[in-house]
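Taking it in order: structure first as structure tokens, then the write-up.
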Amino acid sequence: MTRGGFVALAGRPNVGKSTFINAVVGEKVAIVSDRPQTTRRAIRGIHRSGDCEIVLVDLPGVQRPRDALTSRMARRVQQELEGSDAALLMLNGEQGVGPGDRFIAKTLVGGAVPVTIAVNKIDRLSTAALLAVLQQAAELEVGEAIFPISARRGQGVPELLAHLRGLMPEGPFMYSEGAVSDQSPELLLAELVREAVIRRTFQEIPHAVEVVVEEIERPREGLARVRALIWVETDSQKGILIGAQGRMIKAIGTASRRELERVLGCRVHLDLSVRVRRDWRADEGLLDRLGIT
Ligand SMILES: Nc1nc2c(ncn2[C@@H]2O[C@H](COP(=O)(O)OP(=O)(O)OP(=O)(O)O)[C@@H](O)[C@H]2O)c(=O)[nH]1
Ligand SMILES: [Mg+2]
């Protein structure tokens with residue numbers, strides 16, 4: 001008999017949820033950055049071992065909603081948590097437990113799904129600091145187990161996975177063998193371009209950017225042509241993204257193309273353009289079409 005289920009990842013922005021998913025899946029399915037609020041959609045990353053399939057659901061970091069975009073992100077987190085078989089509450093060991101973590105923990109207490117806590121980034125901690133943060137995690141009084149991990153280095157990840165496996169109900173596999181995520185190729189490529197943008201921009205720009213891949217063409221063996229639009233909200237943001245003599249957009253293009261070539265396994269011709277799309281974050285119809293639901 002096989003087992004399998006969904007594990008939803010809850011936690012503040014920037015604690016390392018997407019890094020953890022990539023580590024477990026063994027491939028980059030979710031983009032990562034040191035800016036908060038990188039993840040916008042629930043992304044399913046699939047891990048199969050032996051008779052057990054764990055579908056990890058990467059989620060946006062929980063924060064106070066400011067607009068239609070962040071309201072949808074918050075609602076998605078709630079829905080995914082309710083629909084999963086287990087919740088993994090991730091904490092940033094380097095920062096310790098704060099009010100944001102306590103708020104999320106409260107929403108998980110008394111829910112129908114079992115909660116496990118992961119204290120991440122222990123590669124940055126002394127033994128004394130680790131013990132202190134484990135104590136704080138225990139004081140959240142949620143969850144039946146706490147695992148210290150480093151998503152970046154892999155420490156503690158096998159032990160955590162073994163525990164999660166034990167929580168999965170009996171049932172058939174939901175994804176075919178070798179599947180790593182439920183994202184369309186267009187979405188994955190758009191996300192990789194967005195990651196390149198986020199990593200090179202500051203302040204409000206990472207939040208104001210969305211990327212849409214309009215077309216992936218295969219004109220011949222060994223070559224893909226990808227057409228992508230980078231949306232920003234104002235002309236001044238557009239100016240920054242293009243940069244003096246087009247240097248910024250060129251750097252973004254080079255970095256993105258490298259990632260796209262890695263994923264597609266062939267040469268990529270990337271056609272990038274920057275468009276101003278005012279208030280896209282407040283446009284409910286547009287957010288629907290972007291799959292941010
Ligand atoms: N030192 C260290 N850094 C880590 C570890 N895991 C993640 N990070 C870093 O933490 C930052 C945030 O990682 P993400 O995986 O994007 O965090 P997230 O929780 O998905 O963030 P949101 O999508 O914004 O909610 C990145 O700079 C990662 O490289 C870890 O185990 N150790
Ligand atoms: Mg993330």
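Per-structure values
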{"item": "Verdict on Ile21 being within 12 Å of ligand 1 (Cβ to nearest atom), assigned to a helix (DSSP H, G or I) and among the hydrophobic types (A, V, I, L, M, F, W, C)", "result": "yes"}
{"item": "Residues that are assigned to a helix (DSSP H, G or I) and touching a residue at least 40 places away in the same chain (Cβ under 8 Å), drawn from the stretch 71-106", "result": "Arg72, Met73, Arg76, Val77, Glu80, Leu81, Gly100, Asp101, Phe103, Ile104"}
{"item": "Any hit, the stretch 80-90, residues being touching a Leu at 6+ places or on another chain (Cβ under 8 Å), surrounded by fewer than 21 Cβ atoms within 10 Å (Cβ to Cβ) and under 30 Å from Arg258 (Cβ atoms)", "result": "no"}
{"item": "Members of the stretch 121-167 that are assigned to a helix (DSSP H, G or I), farther than 24 Å from Arg48 by Cα and more than 15 Å from ligand 1 (Cβ to nearest atom)", "result": "Thr127, Ala128, Leu131, Ala132, Leu134, Gln135, Gln136, Ala137, Ala138"}
{"item": "In the stretch 47-70, the residues that are buried (at least 19 other Cβ atoms within 10 Å of the Cβ) and part of a helix (DSSP H, G or I)", "result": "Leu69"}
{"item": "Selection status of Asp34, away from ligand 1 (no atom under 12 Å from the Cβ) and touching a residue at least 12 places away in the same chain (Cβ under 8 Å)", "result": "no"}
{"item": "Single condition Val62 does not satisfy, out of (1) closer than 24 Å to Arg165 by Cβ; (2) within 14 Å of ligand 2 (Cβ to nearest atom)", "result": "(1)"}
{"item": "Residue match in the stretch 214-227 (condition: free of Cβ contacts under 8 Å to residues at least 60 places away in the same chain, part of a helix (DSSP H, G or I) and among the acidic types (Asp, Glu))", "result": "no"}
{"item": "Near pairs, Cβ below 7 angstrom, 6+ apart or cross-chain, from the stretch 9-31 (closer than 18 Å to Arg153 by Cβ) to any residue that is more than 10 Å from ligand 1 (Cβ to nearest atom) and assigned to a loop (DSSP other than H, G, I, E, B)", "result": "Ile21/Val29; Asn22/Lys28; Asn22/Val29; Val25/Val180; Glu27/Val180"}
{"item": "Candidates Ala251, Ala151, filtered to the one that is among the aliphatic types (A, V, I, L, M) and crowded, with 20+ Cβ neighbours inside 10 Å", "result": "Ala151"}
{"item": "From Ala179, Ala137, residue being surrounded by 15 or more Cβ atoms within 10 Å (Cβ to Cβ), farther than 30 Å from Arg227 by Cα and among the small types (Gly, Ala, Ser)", "result": "Ala137"}
{"item": "Filter result (charged (D, E, K, R), part of a helix (DSSP H, G or I) and in contact (Cβ under 8 Å) with a residue 40 or more places away in the chain) within the stretch 254-293", "result": "Glu259, Arg281, Glu284"}
{"item": "Residue in the stretch 5-12 that is in contact with a Lys or Arg (Cβ under 8 Å, 6 or more places away or on another chain), of a type outside the set (D, E, K, R), within 11 Å of ligand 2 (Cβ to nearest atom) and outside any strand (DSSP E or B) present", "result": "yes"}
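Since every read-out is calculated from the coordinates, none of them should be taken as a lab result. Remember, predicted model here, so these are calculated numbers, not experimental data. Here Cβ is always computed from backbone atoms with ideal geometry, including for glycine, and neighbour counts include all displayed protein chains.
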